[in-house]
């Protein structure tokens, strides 16, 4: 039996970090050896994560690259935006493998990064080494990566919904619309204010980032363009819904004219084929559609699709848990691929339902 | 001082009927004199409506057209689908004015009714007399109507969002998408089962009626076609969100090529102009967008819009309370117009916020 | 017709202040003429209160006693704790009548105030003039008061539940327990942090202020002692429940030995008699119990009671909307009494249900 | 390596049965081999449990004692009340071990069963063999039991909160009050109607079974009496709170006079000692109190306590997940003891938080 992989979580007290700690406890091949939190420095892990029942002997530390490198073989970066750029170089040099859950290494072009994130990228030379961590699209590159950029939550839902259509060149790439609904945990644990104050958002539904201004837009477009083999521009509108977890993306695309083969059952088969071997993607039977509750706490993405014959448009709907397949679960899936573990290790739990 | 208008509610124990009773109590020109409920026959109004504090002397009766006509000058039909077709003829003959909250008289073509509602229309001769009750579009016809068909909740939100664009012929009518989110009260009070069981839908988001099969589709298309002056086909996807009240419709349309004039501030002015004098429609400042909580309990529709320059697409988002502007409030607004009352009478309450 | 009473709200942007603005708009005898907010100074009322549909011409000002006195006949103080002590003297001197929604003037003994609020009372000479504003207990004194201290939300629910038992000397005063559940709006609009962060409290239930340390404890005891005619000590445990509005107080008391007369129907009659003429208190039929949803948005308190024969204990359960009967509605009820208006003016709206 | 224990779930499509299926998948020593559901007979497990990701090859069967005995070594009975009485005799005769999640075998006296459940007990001869399955109180008897009656959810929370006080004879046994709050999943998956209709209970709080009439009352009393060594009568009031999962029990007891030793820190030590070796009970540090969210999805019970010096009363608050420690998790804990597995096997998952 091999010794377990020593794993660290930088930023353990956020919702992504906490979910990593929860899920890693069920992983047969790793042990959690190092956790950091600027808010809970010096306090036991339980102080940062009130629902955690494992690794209770750990203390939240201030991040220190040398100490991190001493304690870990593998590092998850789950801290604030902009942190990863600064710490990745040292950790890579120390020979560590890394999954970064922030957006720092997701966009290939540092100019696009600067345009959308309003900050200069301080490690542009590493962008080429970073592999985009959407395993269902990019599995082989991930297996040999040392640095994986874990996708955004809305991005994961949107790309998994639309990829088969673009890959098969069945739709007009100028017609793509992504209408995405997100639970509130997606906003993180440290942004306070009226926008996330219980009484203001409970029993309310509202959009945000309307008109193509949300930062997940270029990330969705970059990935879909690669799949389509041509530049793809989308309209993306995220919404906040008063649930804690879950993303439901409803995507629309115009079918291109062709001789038959565009019915719902043909597309069902297309999706089944495209996701053959993708453990965590499930295609709902024609006429059925996913609900976020059915994937809560799991790494699964459920996808349902319909063809609106009257408008010759396909509607594809995907559901994920934003903290699992949209963050921590996918990060562990990437680690599994990078380290040669079973891709599903630690990730087979059923939904916490109801 | 004129005597008050005597008003009846057929189907008072449903959510639409209950909301009528709540709102009518704040109306200066009417008195509630007759209520029916098949579930609570013989019981006091409070048994049917646990939150009601007025008209407590009323008893829920079984509907009887003659008794109804004796007690009322004006009748709201808020019962099950298919009821109105059967009772409207008698009530009209007795000289009563009627707002029907069901779908029975919304579609002008009885064949389309039969196609979507899977039942024959038993009073097709009255369809011509029925006026579609969306006051912001149809005010003048409503003022002289004896029978008003009150619009569907999703329809109200969608049409108010898109009407100015179609009226101004600014968008490609084949590009319209309506992605609509609804609270659970929209499903009514008498459909039981897993679909509306608390533990199944709490903390979950799911679509329904995907692929253009929801019955509000032909109703939206009928109204938009009249505004556009040409046949309009849409893609409409409703979703269920775990809140009690509220509809948020996010609509998408491709702007047609033109010489300037399509920016967000131009459209803001267009919307301001189109809804000049429409008391219950508020256009959010450019860059602002509505939240359903801000209209909960009110008859207001708030509309925000953005132009996605990258895709040349306009995104218009409208928020209403499905039980007020989407049902009972709009029904009272219609009554106000039909009876010569101030259009806003009984409808100026602020949102119950937070 | 008399000119309307000019009313001001100090602290309009909080939840209590916002609810005052909502309810006052339905009041036939007053007009809102002055609003202050330190957060929204210089901004229109709608910026502070996104759901308000009336008094939109008002601008939020910084509080100034002279300007306030110029613009108002009557002032509601709904600002932060400690503000009222400082501004009441000037306003009283200017001849204004005041309802203070804070705790500043609720406790008669300034030492007890200091003990529980950890601050010296700066206007102890006015405590004698302040009348405790629970109309169902204290109506006559309120009618002639110039300064009314509006009760705390938990206090209103607890006292209305227990008062008839203590008044009739039916229970052991050392046995009283108040277990109270509150919606999140009770914590106000300006306290941010994990305690009120959506994702932390959604789908969770937790107590706070356990062991008799919550500041509503001495206030409940002061009022119950006056009713009982002897010192009363209680055990009070508030809990936070993930709803926006509502308080449900479950209270327990041991019945003292007596010759008959302690059955549930006897107590039902006792409560009916005690609250004869109390418009806003409703006693549920024996065997029925209140739900907070049935009073949401209203000034009503619903009370249900049961006798546990096995333990000879009475259980009395009361439900209110913490922002209405627990704050703004009761404040208006007090104003009505102080100004000779109908006690129910502006307060007869039905619940926003469902 | 031993072959895995073959386990069956009778009534898999209810919330208790579904939770058993979820948790058993994480258990190293068992395999799920047989599931029944009268609602989903003949359908795959996923049809019954939309969030399940394991045992997908299983089909829901109609219960048949012979087939059940053929397929299973161990049976969980999670069906409707009254089922267990009828099937337990056959299964015991076939040599199977059983945990019954219903109330059929919880009450030792068949007359008390009949009094509270309004039905005759059809297998009273087996009541003596049934062991009450609260491991923290009854571990040794459970280890040798063939039939374990799994406690009710409110009972588990109440008894774990009060047991140390009664065991140490520190409180007046006539003073005990249990005020318990429950999420909606406790009402099960098959009771439909207004009481569990989303729009009726969302954003509402209400009591039920007030006045000592809830069936968990005799069960709490039976267990507490055994611990106290004398008959104990309680006042128990359950409430429904609009969350899916969770029970928070707030219990009150009068401390008996003694020479010192009743402070919060003394009691903290008492509880620590009493629950020494009880893996799933955690005592919160003095001054801290549990929240249900911190145990959601786990088998843990968190307990916090305070002494109200002013009333000489102790307040003990316990939090559990009603479907785990209150049902399926405790059932597995019982199975672990009955089968000689590690008591925590399959039950160490962290909370699904936030």
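The values are calculated or read from the model by the stated rules, or taken from the named source; none is laboratory data. Nothing here was measured: the structure is a model prediction, and the numbers come from that model. Cβ: placed from backbone, ideal geometry, glycine included. Neighbour counts: every protein chain shown.
Can you tell me which residue in region A:207-216 is farthest from the other protein chains (Cβ to nearest Cβ), limited to those that are touching a helix residue (DSSP H, G or I) at 6+ places or on another chain (Cβ under 9 Å) and surrounded by 23 or more Cβ atoms within 10 Å (Cβ to Cβ)?
Here the residue is A:216.
Given the conditions (1) crowded, with 19+ Cβ neighbours inside 10 Å; (2) closer than 30 Å to residue A:116 by Cα, report the number of the one that residue A:72 does not fulfil.
Looking at each condition in turn, residue A:72 falls short on (2).
What is the number of the single condition among (1) under 25 Å from residue A:309 (Cβ atoms); (2) outside any loop (DSSP other than H, G, I, E, B); (3) more than 10 Å from chain B (Cβ to nearest Cβ); (4) modelled with pLDDT of 95 or more that residue A:248 does not meet?
The single condition residue A:248 does not satisfy is (3).
When you go through (1) outside any loop (DSSP other than H, G, I, E, B); (2) within 14 Å of chain C (Cβ to nearest Cβ); (3) out of contact with any helix residue (DSSP H, G or I) (no Cβ under 7 Å at 6 or more places or on another chain); (4) crowded, with 23+ Cβ neighbours inside 10 Å one by one for residue D:165, which number turns out not to apply?
Residue D:165 satisfies all of (1) outside any loop (DSSP other than H, G, I, E, B); (2) within 14 Å of chain C (Cβ to nearest Cβ); (3) out of contact with any helix residue (DSSP H, G or I) (no Cβ under 7 Å at 6 or more places or on another chain); (4) crowded, with 23+ Cβ neighbours inside 10 Å except (2).
Checking the conditions here, which among A:271, A:300 is at the interface with chain D (Cβ under 10 Å from one of its Cβ atoms) and either touching a residue at least 24 places away in the same chain (Cβ under 8 Å) or touching a strand residue (DSSP E or B) at 6+ places or on another chain (Cβ under 6 Å) (or both)? Break it down stepwise before answering.
Values: A:271 fails: at the interface with chain D (Cβ under 10 Å from one of its Cβ atoms).
One residue alone meets the criteria, A:300.
Is region B:304-323 home to any residue that is part of a loop (DSSP other than H, G, I, E, B), free of Cβ contacts under 8 Å to residues at least 60 places away in the same chain and more than 8 Å from chain A (Cβ to nearest Cβ)? Working first, answer last.
Going residue by residue through region B:304-323, those that are part of a loop (DSSP other than H, G, I, E, B) are B:309-312, B:321-323.
Right, trim to free of Cβ contacts under 8 Å to residues at least 60 places away in the same chain and you get B:309-312.
Narrowing the set further to residues that are more than 8 Å from chain A (Cβ to nearest Cβ) leaves B:312.
Checked against the condition, which is being part of a loop (DSSP other than H, G, I, E, B), free of Cβ contacts under 8 Å to residues at least 60 places away in the same chain and more than 8 Å from chain A (Cβ to nearest Cβ), region B:304-323 yields at least one hit.
For region C:1-13, name all the residues that are surrounded by fewer than 24 Cβ atoms within 10 Å (Cβ to Cβ) and out of contact with any strand residue (DSSP E or B) (no Cβ under 6 Å at 6 or more places or on another chain). Can you show your working first?
Going through region C:1-13, the residues surrounded by fewer than 24 Cβ atoms within 10 Å (Cβ to Cβ) turn out to be C:1-6.
Across region C:1-13, the qualifying residues are C:1, C:2, C:3.
Only one residue in D:176, D:134 is touching a residue at least 24 places away in the same chain (Cβ under 8 Å), more than 14 Å from chain B (Cβ to nearest Cβ) and over 18 Å from residue D:213 (Cα atoms), so which one is that? Full working, then the answer.
Working: D:176 fails: over 18 Å from residue D:213 (Cα atoms).
Of D:176, D:134, the one residue that is touching a residue at least 24 places away in the same chain (Cβ under 8 Å), more than 14 Å from chain B (Cβ to nearest Cβ) and over 18 Å from residue D:213 (Cα atoms) is D:134.
Do the conditions hold for residue D:32, that is, is it surrounded by fewer than 21 Cβ atoms within 10 Å (Cβ to Cβ) and touching a strand residue (DSSP E or B) at 6+ places or on another chain (Cβ under 7 Å)? So that I can check it myself, show each step before the final result.
Details: surrounded by fewer than 21 Cβ atoms within 10 Å (Cβ to Cβ): no; touching a strand residue (DSSP E or B) at 6+ places or on another chain (Cβ under 7 Å): yes.
No; evaluated as a whole, the condition is false for this residue.
Scanning for something within 30 Å of residue D:312 (Cβ to Cβ) and either crowded, with 24+ Cβ neighbours inside 10 Å or assigned by TED's automatic domain parsing to the domain that holds residue D:240 (or both), does region D:181-196 turn up at least one residue? Write out each step before concluding.
We begin by selecting, within region D:181-196, every residue within 30 Å of residue D:312 (Cβ to Cβ); these are D:181-182.
Now narrow it down to the ones that are either crowded, with 24+ Cβ neighbours inside 10 Å or assigned by TED's automatic domain parsing to the domain that holds residue D:240 (or both): D:181-182.
Within region D:181-196 (the criterion being within 30 Å of residue D:312 (Cβ to Cβ) and either crowded, with 24+ Cβ neighbours inside 10 Å or assigned by TED's automatic domain parsing to the domain that holds residue D:240 (or both)), the answer is yes, since at least one residue qualifies.
Do you know which residues across region C:72-85 are under 12 Å from residue C:105 (Cβ atoms) and either modelled with pLDDT of 95 or more or in a helix (DSSP H, G or I) (or both)? Give the steps one after another, and end with the answer.
Just the residues of region C:72-85 that are under 12 Å from residue C:105 (Cβ atoms), to begin with: C:77, C:81-85.
If the condition is that a residue be under 12 Å from residue C:105 (Cβ atoms) and either modelled with pLDDT of 95 or more or in a helix (DSSP H, G or I) (or both), then C:77, C:83, C:84, C:85 are the ones that fit.
Within the bounds of region A:102-117, is there any residue that is under 18 Å from residue A:65 (Cα atoms) and either at pLDDT below 95 or under 14 Å from the mean Cα position of the chain (by Cα) (or both)? Quick ask: steps written out before the conclusion?
Step one: list which residues in region A:102-117 are under 18 Å from residue A:65 (Cα atoms), which gives A:102, A:104.
Applying the additional criterion that residues be either at pLDDT below 95 or under 14 Å from the mean Cα position of the chain (by Cα) (or both) yields A:102, A:104.
Scanning region A:102-117, I find at least one residue that is under 18 Å from residue A:65 (Cα atoms) and either at pLDDT below 95 or under 14 Å from the mean Cα position of the chain (by Cα) (or both), so the answer is yes.
So which of D:328, D:351 ends up being under 30 Å from residue D:95 (Cβ atoms) and out of contact with any strand residue (DSSP E or B) (no Cβ under 6 Å at 6 or more places or on another chain)? Lay out the reasoning, then the answer.
Numbers: D:351 fails: under 30 Å from residue D:95 (Cβ atoms).
Matching residue, one of D:328, D:351: D:328.
Can you pull out every residue in region A:277-297 that is out of contact with any helix residue (DSSP H, G or I) (no Cβ under 6 Å at 6 or more places or on another chain), within 16 Å of residue A:136 (Cα to Cα) and in a loop (DSSP other than H, G, I, E, B)?
Within region A:277-297, A:277, A:279, A:280 qualify.
Which residue out of C:120, C:115 is within 14 Å of another protein chain (Cβ to nearest Cβ) and either under 27 Å from residue C:40 (Cβ atoms) or outside any strand (DSSP E or B) (or both)?
Details: C:120 fails: within 14 Å of another protein chain (Cβ to nearest Cβ).
Selected residue: C:115, the only one of C:120, C:115 that is within 14 Å of another protein chain (Cβ to nearest Cβ) and either under 27 Å from residue C:40 (Cβ atoms) or outside any strand (DSSP E or B) (or both).
How many residues does region C:1-26 contain that are touching a helix residue (DSSP H, G or I) at 6+ places or on another chain (Cβ under 7 Å) and part of a loop (DSSP other than H, G, I, E, B)?
Qualifying residue count for the region: 3.
Could you go through region D:274-292 and let me know if any residue there is under 20 Å from residue D:350 (Cβ atoms), crowded, with 24+ Cβ neighbours inside 10 Å, away from chain C (no Cβ under 12 Å) and out of contact with any strand residue (DSSP E or B) (no Cβ under 9 Å at 6 or more places or on another chain).
No, that holds for no residue.
Given (1) in contact with a strand residue (DSSP E or B) (Cβ under 9 Å, 6 or more places away or on another chain); (2) over 21 Å from residue D:138 (Cα atoms); (3) surrounded by fewer than 24 Cβ atoms within 10 Å (Cβ to Cβ), where does residue D:309 come up short, assuming only one miss?
Failed condition: (1).
With respect to residue C:318, is the statement that it is under 23 Å from residue D:242 (Cβ atoms) and surrounded by fewer than 24 Cβ atoms within 10 Å (Cβ to Cβ) true? It would help to see each step written out before you state the result.
Numbers: under 23 Å from residue D:242 (Cβ atoms): yes; surrounded by fewer than 24 Cβ atoms within 10 Å (Cβ to Cβ): no.
Considered against the rule, which asks whether it is under 23 Å from residue D:242 (Cβ atoms) and surrounded by fewer than 24 Cβ atoms within 10 Å (Cβ to Cβ), residue C:318 comes out as no.
Would region B:254-261 turn up any residue that is within 11 Å of chain A (Cβ to nearest Cβ) and either in contact with a strand residue (DSSP E or B) (Cβ under 9 Å, 6 or more places away or on another chain) or surrounded by fewer than 24 Cβ atoms within 10 Å (Cβ to Cβ) (or both)? Break it down into steps so the answer makes sense when it comes.
The initial filter retains those residues of region B:254-261 that are within 11 Å of chain A (Cβ to nearest Cβ), namely B:254.
Applying the additional criterion that residues be either in contact with a strand residue (DSSP E or B) (Cβ under 9 Å, 6 or more places away or on another chain) or surrounded by fewer than 24 Cβ atoms within 10 Å (Cβ to Cβ) (or both) yields B:254.
Scanning region B:254-261 turns up at least one residue that is within 11 Å of chain A (Cβ to nearest Cβ) and either in contact with a strand residue (DSSP E or B) (Cβ under 9 Å, 6 or more places away or on another chain) or surrounded by fewer than 24 Cβ atoms within 10 Å (Cβ to Cβ) (or both).
Working carefully through the options D:230, D:219, find the one that is touching a residue at least 24 places away in the same chain (Cβ under 8 Å), more than 9 Å from chain C (Cβ to nearest Cβ) and assigned to a helix (DSSP H, G or I). Spell out how you get there, then give the answer.
Details: D:230 fails: assigned to a helix (DSSP H, G or I).
The unique qualifying residue is D:219.
This table checks each residue for (1) under 19 Å from the mean Cα position of the chain (by Cα); (2) within 14 Å of another protein chain (Cβ to nearest Cβ).
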residue: B:13; (1), (2): yes, yes
residue: B:29; (1), (2): no, no
residue: B:37; (1), (2): no, yes
residue: B:40; (1), (2): no, yes
residue: B:63; (1), (2): no, no
residue: B:70; (1), (2): no, no
residue: B:77; (1), (2): yes, no
residue: B:85; (1), (2): yes, no
residue: B:94; (1), (2): no, no
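Out of curiosity, is residue A:159 assigned by TED's automatic domain parsing to the domain that holds residue A:276 and either without any contact (Cβ under 8 Å) to a residue 60 or more places away in the chain or crowded, with 22+ Cβ neighbours inside 10 Å (or both)? I'd like the intermediate steps shown before the answer.
On the way: assigned by TED's automatic domain parsing to the domain that holds residue A:276: yes; either without any contact (Cβ under 8 Å) to a residue 60 or more places away in the chain or crowded, with 22+ Cβ neighbours inside 10 Å (or both): yes.
Taking the combined requirement at face value, the residue satisfies it.
Might you check whether a residue that is away from chain A (no Cβ under 14 Å) and without any contact (Cβ under 8 Å) to a residue 12 or more places away in the chain occurs anywhere in region B:327-336? If you could, list the steps in order and put the result at the bottom.
Just the residues of region B:327-336 that are away from chain A (no Cβ under 14 Å), to begin with: B:327-336.
Imposing the further condition that a residue be without any contact (Cβ under 8 Å) to a residue 12 or more places away in the chain reduces the set to B:336.
Yes, region B:327-336 contains a residue that is away from chain A (no Cβ under 14 Å) and without any contact (Cβ under 8 Å) to a residue 12 or more places away in the chain.
Can you tell me how many residues within region C:177-208 are over 22 Å from residue C:292 (Cα atoms) and in a loop (DSSP other than H, G, I, E, B)? Full working, then the answer.
Our first condition is that a residue be over 22 Å from residue C:292 (Cα atoms); within region C:177-208, this holds for C:190-195, C:197, C:199-200.
This time we only want the ones that are in a loop (DSSP other than H, G, I, E, B), so: C:190-193.
The number of residues fulfilling the criteria is 4.
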